[in-house]
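Below is one structure; the comments refer to it alone.
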Amino acid sequence: VLELLRAVQRGSEDRKRSLGRLRWALQNKETQQKFVRLDGSIRTLIGIFTSSLADMQMEAARCLHELSHSSDPAVAEACLPVTSYLLTYLSGHSVEFMELCLYTLGNLVIESEAVRKQLLPQGIIPVLASCIQSPHEAVLEGLGYVLSQLLQAKEAPTEIIPLVLDSVLPQHMLRLVCSGLKAGIGAAVEFAWCLHYIVCSHTANAALLSLGALPALTSLLLDLASEIPQDAPEGLELLVCPVLRCLSNLLAEETGCKVQIQDERLLIALFLILQCFLQQHPFIVQECLWLLNNLTADEPFFCSALLSLDLLPALLQLLPCSQMASVLVLTVLCNIAEKGPAYCQQLHRQPALPLLLPTLALPDPEVVGQCLELLHLLFLHWPEAAADFVTQGGHQALEQHQSTPELQERARALLDMVGQPLGASAFSPCHTTLSAFS
């Protein structure tokens, strides 16, 4: 490494070749650590990086990019002197060069708080804002990568997100996400995650809502669902996931925003997405159910739509998918049952009770507990369901939980209700909108 560095410093005829060999060597973690400790190493790279020789600049940029991959904060901090040049070169250079600079910046901000602290006063947010109208997909994807790394920093809610909100970035991010596949799926995915990190901070939701984030993301989800039966591009699930999360978290806020999206097509879109990704990408099922829960938690419109569109059988089929899917399906059913007798009557007409009996036999207390919650609501609002439950062997299914500490009180209360269907409730419902994963 020292020999390569000296060859580069001497400016010999094979300097470009030496830089190429150095770039290859810097893919090794130990070599990265040794290189930054060599006297003048970073200064030499910066000298070439800022020279007027384009091919040398590119090789130096590639060396710096390899260094930025290091997980050692000391290596990232050794690169501090180059950050201002990386920002400067985000304008007026080749697309490939800009892309390298962006990914180098993104890698550096992951590992080092010192780098982030230096980049903010240097004006990284305004510089990124000036790049977001680039016509080049590669530049936009790299820009989204840098932003997503910045927005995940621990200081993001107090120091970074306010600066982002004061810039033109949010509206352009929303525009690029909602252009979906037209802007390139890579860029759309990066900016969708950026929006997700902003929403998860809970400090910016009013600003995003004022930009029309809710109807825009809803419309995008409808568009994505319409693409699925045809020729869905590879990686579509990577865009669907953060879009679902953004909508879920926006709906979890007490903003009255549910009223703005009373569109039953959203439910159809959700079930199309569920059907498409169930086998190959089961994690999407959980994301869809989080959103479905938050749509139905307080809003009768979506509860009625789910029943009138005959989507309940498709929902019940998801019960055995996973532990979390079971809990969320049961929670959605609780949301519907809570709306009163008419809703419970419709649940009773569907084959819900026969599917709940096997659920009661599961060894998972959380799933069983949510199932008991649903039964309580059904029995309370529609006593005929209690009578059918008994004839199907439900009494015995409840008795087995009388000795389970966290379930016994609710199981006994339901046994009382089965004996006296119109009796008083021993426990009350506890389902609300849920913030999706942050």
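Can you tell me the FRET efficiency between Lys29 and His202 if r is taken as the Cβ-Cβ distance and R0 is 35 Å, rounded to the nearest 0.05? List each step's numbers first, then the result.
On the way: r = 37 Å, r/R0 = 1.07.
So, using R0 = 35 Å, E works out to roughly 0.40.
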Listed values (1) 26.8, 85; (2) 27.9, 95; (3) 22.9, 69, entry calculated as Rg and Dmax of the Cα atoms in Å: (2)
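Over 31 Å between Cα atoms: which of Lys29/Lys182; Lys29/Lys117; Lys29/Lys154; Lys117/Lys182 fall into that group? Intermediate results must be reported in sequence, preceding the final value.
On the way: Lys29/Lys182 38 Å; Lys29/Lys117 25 Å; Lys29/Lys154 25 Å; Lys117/Lys182 35 Å.
As for pairs spanning more than 31 Å Cα to Cα, those are Lys29/Lys182; Lys117/Lys182.
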Tilt relative to the chain, helix 185-200 - C-alpha long axis, 0 to 90 degrees, to 10: 70 degrees
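Roll a 1.4 angstrom probe over the protein heavy atoms and tell me the percent of accessible area of the chain that is carbon or sulfur.
Working: 9540 of 18490 Å².
Carbon with sulfur: 52 percent of the solvent-accessible area.
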Estimated 222 nm signal from helices in the chain, with DSSP H stretches of n ≥ 4 weighted -39500 (n - 2.57), rounded to 500: -20500 deg cm²/dmol
Region 91-160-region 47-71 distance, computed between alpha-carbon centres (Å): 17 Å
For region 285-421: rounded, prolate or oblate by the Cα gyration tensor [a/c cutoff 1.5]: oblate
Distant-in-sequence amide H partners of Thr203 (H built 1.01 Å from N, under 5 Å): none
Vicinal HN-Hα couplings computed from phi for region 392-408 (Karplus, 6.51 cos²θ - 1.76 cosθ + 1.60; Hz; Gly/Pro x): 8, x, x, 4, 5, 4, 6, 4, 5, 9, 5, 9, 8, x, 6, 10, 4
Alpha carbon centroid spacing (whole Å) that separates region 3-37 from region 285-321: 58 Å
Whole-Hz ³J(HN,Hα) from phi, Karplus 6.51 cos²θ - 1.76 cosθ + 1.60, for region 201-208, glycine and proline x: 6, 6, 9, 10, 4, 4, 5, 5
Rounded accessible area of Tyr197 (nearest 10 Å², 1.4 Å probe): 50 Å²
The chain: most fluctuating residue of Gln32, Gln122, Gln396 per GNM, C-alpha cutoff 10 Å: Gln396
Under the Karplus curve 6.51 cos²θ - 1.76 cosθ + 1.60, θ = phi - 60°, whole-Hz ³J(HN,Hα) for region 355-366, x wherever Gly or Pro sits: 7, 6, 4, x, 4, 5, 8, 5, x, 8, x, 5
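From the square roots a ≥ b ≥ c of the eigenvalues of the alpha-carbon gyration tensor of region 229-357, which class results: rounded (a/c under 1.5), prolate (a/b over b/c), or oblate?
Numbers: a/c = 1.77, a/b = 1.24, b/c = 1.43.
Verdict is oblate for region 229-357.
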Computed lengthening from Asp55 to Leu181, 0.36 nm per intervening residue step minus Cα-Cα distance: 42.0 nm
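Using the heavy atoms of the protein chains and a 1.4 angstrom probe, tell me the accessible area per residue for region 116-234 in square angstrom.
On the way: 4690 Å² over 119 residues.
In whole numbers, region 116-234 has 39 Å² accessible per residue.
The values are calculated or read from the model by the stated rules, or taken from the named source; none is laboratory data. All figures in this text were calculated on a predicted structure; none of them were measured in a lab. Every residue, glycine among them, receives a Cβ derived from its backbone with ideal geometry; neighbour counts consider all protein chains shown. Accessible surface areas use protein heavy atoms only, side chains included; no ligands, DNA or RNA. Shrake-Rupley method; radii C 1.70, N 1.55, O 1.52, S 1.80 Å.
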